[in-house]
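Down below is the structure, laid out as structure tokens.
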Amino acid sequence: MQEAIILVGGKGTRLRPLTNHTPKPLLGVAGTSFIRHQIAKLMDAGVTHVVFATSYLASLFEEEFKDFGESLDISYAVEEVPLGTGGAIRNAGRLLRGGPDDAVLVLNGDILSGLDLRAILGEHRRRAADVTLHLTRVPDPRAFGLVPTAEDGRVLSFLEKPRTAEEIVTDQINAGCYVFRRAVLDAIPGDREVSVEQETFPGLVATGHRVLGHITRGYWRDLGTPLAFVHGSADLVTGAATSPLVGPAGDALIHPTAVIDPGALVTGGSTIGPGAVIGPGAVVDRSIIGAGVTVGAGARLHDSVVDHDSTIGGDSLLRETVVGCHAHIGADNELPAQLRLSCGIRIPAQGVRVSGTATACSTVH
């Protein structure tokens, strides 16, 4: 039996307002919830039992998978008090069924990766590791903690984000996928908050455990920010990233019930949800349009997310914008980049324009 744990307990604050009502792993990415892409990949790797380490809006995960008919057993470990990443892994470990020497995959619930899970499992077993970490090489490691390794792949240390060029001793970072020997996982304290990155892994290295790095340079993206979230979805649609749930690569993924005017342009790996309507002359570029959304004639959306049942008025411009559900953006609005609009917000026609407007003032002076 191959088992796995997926860490899905975070509140996803960097993705608000999308996560105000939906846990980050359940947000729609390339036509389905992101966690379903992860589940499909785990099943392809031979996983037959997965434990969700949940906390925030935990019941929604059971709702998502209540009718799941695939050959996979799913268990739910709810975190009642904050336990940190290490404590969450240990809490979920209570529901594992394997023996002390069995390998357990652990995935962060917000990482889109091209990692070959069978390969990292094989290396872990072949080298009799206590823990094997997926390490990825990035062009600019300054935003990440660094994980240098020896020539044989042993992890040497876990370093904080570098503040100077001299501190950049490697381009390898923790990529959010681990394989634990079950007995090592069970030794994590379960009665307090524990950081696996800052406490568990450094402690194992310091005590001489076999902590190895499985190093790749393939596709990897943390979906924790709105722009990364949109780009990850687009990468799955265009084929830059892969998932068993996404068909042939294309410019867009359009739900069969969506209505796209022949004069509209939907491109860049955009996803159009069920019942959405895209008006004539509208441009939707590398964006996610939720269920029941209406995009008016001539509107232009770039690198943006519009949550379900919202309306974007004609000739409006959105760039790197997040629009919450049930919102209304009137016609002729020009929104500043990286704006986040709360669920239910209403902006009148020409209510926000970066470049101003020549429309006459309606107020009597």
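Read-outs: derived from the displayed coordinates by stated rules, not from any lab. Because the structure is predicted, anything quoted here is derived from the model rather than measured. Please note: Cβ atoms are built from the backbone with ideal geometry, for glycine as well, and neighbour counts cover all protein chains shown.
Points worth noting:
- Within the chain, helix-based [θ] at 222 nm, where runs of 4 or more DSSP H residues each add -39,500 (n - 2.57), nearest 500: -4500 deg cm²/dmol
- The distance linking the stretch 214-239 with the stretch 78-108 is 25 Å (Cα centroid to Cα centroid, whole angstrom).
- For LYS41, the lysines whose Cα falls under 21 Å of its own Cα, not counting residues fewer than eight places away in the same chain, are LYS24, LYS66.
- Remark: the stretch 51-144 is approximated by an ellipsoid whose semi-axes, taken from the C-alpha gyration tensor as √(5λ), come to 25, 19, 15 Å, largest first.
- Out of every Cα-Cα pair that the stretch 23-88 contains, those further apart than 15 angstrom amount to 55 percent.
- Across the stretch 182-189, rounded Karplus estimates of 3J(HN,Hα) from the backbone phi angles (6.51 cos²θ - 1.76 cosθ + 1.60, θ = phi - 60°) give 3, 5, 5, 4, 5, 7, 5, x Hz, Gly and Pro being marked x.
- Hydrodynamic radius of the stretch 251-347 by the Kirkwood approach over all distinct alpha-carbon pairs: 12.4 Å.
- Percent of C-alpha pairs per 20 Å bin, the chain, short to long: 28, 51, 19, 2, 0
- Which of LEU236, SER195, VAL51, positive extreme of dipole for the chain (C-beta unit charges): SER195
- Relative to the dominant Cα principal axis of the chain, helix 117-126 is inclined by about 10°.
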